[in-house]
Amino acid sequence: MSPPENPAAAVLADAARAVAAVLAGQSADAALAPFEASPRRPAVRAVALGTVRWYLRLQAAVESLLARPRALGRDVHALLMCAAHQIEYSRNVPQQTVHAAVDAARLLRQGHASGLVNAVLRKFVLQRETLFARVDRDPARRTAHPRWLFNALQAAWPQQVASILDANNAHPPLTVRLNPRRRSAERYLEDLVAAGLSAQRLDGVAGAAGATAIRIEPPVPVASLPGFREGWVSVQDTAAQLAAPLLDVHDGMRVLDACAAPGSKAAHLLERTASLELWAVDIDPVRLERVSETLARLGLSAQLAVADVRSPETFWDGRPFERILVDAPCSGTGVIRRHPDIKLLRRAEDIAPLAATQLEILRAAFRMLAPGGRLLYSTCSVLPEENEGVVARFRAEEPQARSIALAQTQLPAETVFGIFGAQLLGGGAAQTDGFYYACLEKTTSGH
């Protein structure tokens, strides 16, 4: 008869499997998908994402205790990192975590490594203060950021780099976008209180997003939010809720959401102005299905097309759009707090190709814009190469493009204004993600 399973060991083993998958190149969402139906899901998710968030700091400390760190199997390496995370960042008794990790090695079918796991983690418990004192002399390691990203942020934002790094390592808030067509803010706040949740309207700190943004604490599963299935609210960060008001749509307009998945911004546009002729286009059919699901839940409709917006002839009928939203694919460096795996998966050499793609999309989208029309370019990046740099290159080559200044009153107080657009660096009173916005108008004169 086998001994009963140690719940803490089972969580560590599953978290190690997920972390190992991220280290092999999977996104955290994909790595955690196998545990979606598990009763251990919340604990596994917390340990795995916490480990990924602090991996580069933990790695430097733990690997200094190993004679041959590269000789470890990936599962054992990931298990050591998960256990070290629990020892350093949780309230668990360290020795209990060590025992659980030894049992987890057996659950991972790595019983031959249980002695090594035990020895290394015992040393880590005893020496961690000294280990981290040495590791933390390097600010990139201390904040668990890859060297290239730390250097890029320091170069671009020398005054704000410390707050950006801190925001990246913070746990993200749960912010929802209220659909005022379905529920008033006052009624919904009452709904939240009745459900035992604390909530705060962000109308004083979120600029144009304040009319719809509500922060809920503590975060809860989305499906458990009052009225979620009925379409009263959608989960959307405060920074992303700025897109619809900044695009300034009006009744009857023909509008293109050029990179639409997963559909939150398209839905917000329709909630604000239901009579739009909205086209939602995305290159990925699976992700475009999420747009369809989002709109169906909210009782909204749009023209959906699976297409590469860089090839307008594959979907466009030739009639120009009066408003275009280009939420371009990017590095995601503004949403690291929500996707800490970006720190491990993104590379410095990814940025130039992304910027080139962004420029191609911007060029193609602008061709479909009506004279006098408005295009809003956005990314969830904090790297100027993907933001001001892309818009600057486009402006230099396109004589019909004119920049429209974004009003300071439309944006949170912490926004940094550049020559062409506005950069949110993350955090601040509104606790936003990092986001960039630039607004362009097509002139008729070509000057």
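Quick notes on this structure:
- Qualifying positions in the range 253-281 - surrounded by fewer than 21 Cβ atoms within 10 Å (Cβ to Cβ) and under 19 Å from the mean Cα position of the chain (by Cα): 262
- Of all residues in the range 178-195 being in contact (Cβ under 8 Å) with a residue 12 or more places away in the chain and either assigned by TED's automatic domain parsing to the domain that holds residue 414 or in a loop (DSSP other than H, G, I, E, B) (or both), the one that is surrounded by the most Cβ atoms within 10 Å (Cβ to Cβ): 179
- Selection within the range 199-222 - outside any loop (DSSP other than H, G, I, E, B) and of a type in the set (Asp, Glu): 217
- Subset of the range 244-254 (residues that are small (Gly, Ala, Ser) and either assigned to a loop (DSSP other than H, G, I, E, B) or assigned by TED's automatic domain parsing to the domain that holds residue 212 (or both)): 252
- Out of 97, 51, sole residue that is touching a Cys at 6+ places or on another chain (Cβ under 6 Å) and in contact (Cβ under 8 Å) with a residue 12 or more places away in the chain: 51
- Put simply, of 396, 438, 392, 422 the only residue that is surrounded by 14 or more Cβ atoms within 10 Å (Cβ to Cβ) and part of a helix (DSSP H, G or I) is 392.
- Restricting attention to the range 379-425, the residues that are in contact with a helix residue (DSSP H, G or I) (Cβ under 6 Å, 6 or more places away or on another chain) and of a type in the set (Ser, Thr, Tyr) add up to 1.
- Of the residues making up the range 223-239, none is assigned to a strand (DSSP E or B), touching a strand residue (DSSP E or B) at 6+ places or on another chain (Cβ under 8 Å) and at pLDDT below 95.
- Candidates 78, 43, 60 - the one that is touching a helix residue (DSSP H, G or I) at 6+ places or on another chain (Cβ under 7 Å), over 21 Å from residue 132 (Cβ atoms) and of a type outside the set (S, T, N, Q): 43
- Of the residues contained in the range 56-76, one or more are found to be within 22 Å of the chain's Cα centre (by Cα), at pLDDT 95 or above, closer than 21 Å to residue 144 by Cβ and not polar (S, T, N, Q).
- Hits in the range 84-122 - residues which are over 19 Å from residue 55 (Cβ atoms), among the charged types (D, E, K, R) and in a helix (DSSP H, G or I): 103, 106, 122
- Checking every residue in the range 366-374 against the condition of being on the phi > 0 side of the Ramachandran plot, surrounded by fewer than 22 Cβ atoms within 10 Å (Cβ to Cβ) and at pLDDT 95 or above gives at least one match.
- Close pairs from the range 263-281: first closer than 14 Å to residue 235 by Cβ, partner surrounded by fewer than 24 Cβ atoms within 10 Å (Cβ to Cβ) and among the hydroxyl-bearing types (Ser, Thr, Tyr), Cβ under 7 Å, at least 6 apart: 263/294; 264/234; 264/294; 267/234; 267/294
- Checking each residue in the range 227-248 for being surrounded by fewer than 17 Cβ atoms within 10 Å (Cβ to Cβ), more than 25 Å from residue 436 (Cβ to Cβ) and not hydrophobic (A, V, I, L, M, F, W, C) picks out 229, 230.
- Scanning the range 305-344 for residues that are closer than 19 Å to residue 274 by Cα and buried (at least 22 other Cβ atoms within 10 Å of the Cβ) yields 321, 323, 324, 325.
- Leading residue by the ranking (surrounded by the fewest Cβ atoms within 10 Å (Cβ to Cβ)) among those in the range 399-419 that are under 19 Å from residue 210 (Cα atoms) and of a type in the set (A, V, I, L, M, F, W, C): 407
- Members of the range 136-155 found to be assigned to a helix (DSSP H, G or I) and of a type in the set (A, V, I, L, M, F, W, C), listed by number: 140, 148, 149, 150, 152, 153, 155
- Matching residues, the range 211-225, being surrounded by 17 or more Cβ atoms within 10 Å (Cβ to Cβ) and not charged (D, E, K, R): 211, 212, 213, 214, 216, 225
The values are calculated or read from the model by the stated rules, or taken from the named source; none is laboratory data. Given the structure is predicted, the values throughout are model-derived calculations rather than measurements. Every residue, glycine as well, gets a Cβ built from its backbone with ideal geometry; the counts of neighbours run over all protein chains shown.
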